[in-house]
Amino acid sequence: MRTWIRNVYLATTTLAAGMYVTLRYFVQSFRRGTFTGHFAYPERPVPVRPRYRGFHRFDLTTCIGCDKCARACPVDCIYIDKEKAPPPHKGFVVTGFKIDYTKCMFCALCVDPCPVDCIFMGSNHDISTYTRDGCIVDYAKLPLAVAWGQATLNPTTVQESKRVSLPVWTKTAEPAKPVADGKA
């Protein structure tokens with residue numbers, strides 16, 4: 001009988017201690033206020049940490065079309081369309097650089113293998129759309145200020161870029177350099 005009373009007493013005190021902790025956090029949450037009260041989210045952006053991995057930023061002007069970022073992606077969400085450069089130039093011309101954000105897990109594994117540092121993780125976290133088609137962002141068709149990060153990457157800009165049929169930026173041909181005849 002004595003062990004039964006001790007077990008009932010221990011169960012009651014343990015339950016009371018747990019309920020006290022729950023009640024304490026419940027009261028603190030009312031004193032603290034709401035999340036939107038702190039940040040006023042739509043009007044002012046929520047502060048993010050310096051190493052936050054948000055939506056990508058991409059510089060089409062420096063991309064060489066090496067496909068290293070697409071090969072490093074563990075979920076295959078990066079699609080690169082490229083063409084051979086015209087004869088005086090070497091390499092490739094990138095005509096499409098798409099990232100499917102329905103598959104992307106924001107691991108930043110695509111950033112490290114890039115030899116020219118044209119892709120990196122940005123700090124933007126809110127790009128919501130009504131369709132899955134809006135989650136596929138083609139950085140080659142975005143204006144450079146948006147793709148590179150001076151302006152914000154928002155759903156309206158992404159939707160407007162899908163209406164453009166040609167890339168916004170194209171590489172201009174450089175003048176041919178005179179060839180030395182090799183005689184000294």
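What residue, of Ser123, Ser128, is assigned to a loop (DSSP other than H, G, I, E, B), surrounded by 14 or more Cβ atoms within 10 Å (Cβ to Cβ) and of a type outside the set (Phe, Trp, Tyr)?
Selected residue: Ser123, the only one of Ser123, Ser128 that is assigned to a loop (DSSP other than H, G, I, E, B), surrounded by 14 or more Cβ atoms within 10 Å (Cβ to Cβ) and of a type outside the set (Phe, Trp, Tyr).
Does Tyr52 satisfy the criteria of being open to solvent by 40 Å² or more (accessible area, probe 1.4 Å), within 20 Å of the chain's Cα centre (by Cα) and of a type outside the set (S, T, N, Q)?
yes
Does segment 139-158 contain at least one residue that is closer than 26 Å to Arg49 by Cα and in a strand (DSSP E or B)?
Within segment 139-158, none of the residues are closer than 26 Å to Arg49 by Cα and in a strand (DSSP E or B).
Condition (residue is without any contact (Cβ under 8 Å) to a residue 24 or more places away in the chain, buried (at least 17 other Cβ atoms within 10 Å of the Cβ) and touching a strand residue (DSSP E or B) at 6+ places or on another chain (Cβ under 7 Å)) applied to segment 89-103: is it met by at least one residue?
No, segment 89-103 has no match at all.
Out of contact with any helix residue (DSSP H, G or I) (no Cβ under 8 Å at 6 or more places or on another chain), among the hydrophobic types (A, V, I, L, M, F, W, C), farther than 25 Å from Gln159 by Cα and surrounded by fewer than 17 Cβ atoms within 10 Å (Cβ to Cβ), is that true of Val75? Even if it seems obvious, please write down each step before you answer.
On the way: out of contact with any helix residue (DSSP H, G or I) (no Cβ under 8 Å at 6 or more places or on another chain): yes; among the hydrophobic types (A, V, I, L, M, F, W, C): yes; farther than 25 Å from Gln159 by Cα: no; surrounded by fewer than 17 Cβ atoms within 10 Å (Cβ to Cβ): yes.
The answer is no for Val75.
Of all residues in segment 104-120, which are of a type in the set (A, V, I, L, M), over 20 Å from Leu144 (Cα atoms) and either open to solvent by 40 Å² or more (accessible area, probe 1.4 Å) or at pLDDT below 90 (or both)?
Start the filter on segment 104-120 by keeping residues that are of a type in the set (A, V, I, L, M), which leaves 105, 108-109, 111, 116, 119.
The next check asks that each one be over 20 Å from Leu144 (Cα atoms); those that pass are 105, 108-109.
Answer for segment 104-120, where residues must be of a type in the set (A, V, I, L, M), over 20 Å from Leu144 (Cα atoms) and either open to solvent by 40 Å² or more (accessible area, probe 1.4 Å) or at pLDDT below 90 (or both): Met105, Leu109.
From the list Asp81, Asp138, which residue is surrounded by fewer than 18 Cβ atoms within 10 Å (Cβ to Cβ) and among the acidic types (Asp, Glu)?
The conditions single out Asp81.
Answer with yes or no whether Gly65 is out of contact with any Asp or Glu (no Cβ under 7 Å at 6 or more places or on another chain), more than 30 Å from Arg44 (Cα to Cα), open to solvent by less than 50 Å² (accessible area, probe 1.4 Å) and in contact (Cβ under 8 Å) with a residue 24 or more places away in the chain.
Answer is yes for this residue.
The values are calculated or read from the model by the stated rules, or taken from the named source; none is laboratory data. All values reported here derive from a predicted model rather than from experimental measurement. Backbone-built Cβ (ideal geometry, glycine too); neighbour counts: all protein chains shown. When the accessible area is computed, the model is the full protein with side chains, heavy atoms only, and any ligands, DNA or RNA have been set aside. Shrake-Rupley method; radii C 1.70, N 1.55, O 1.52, S 1.80 Å.
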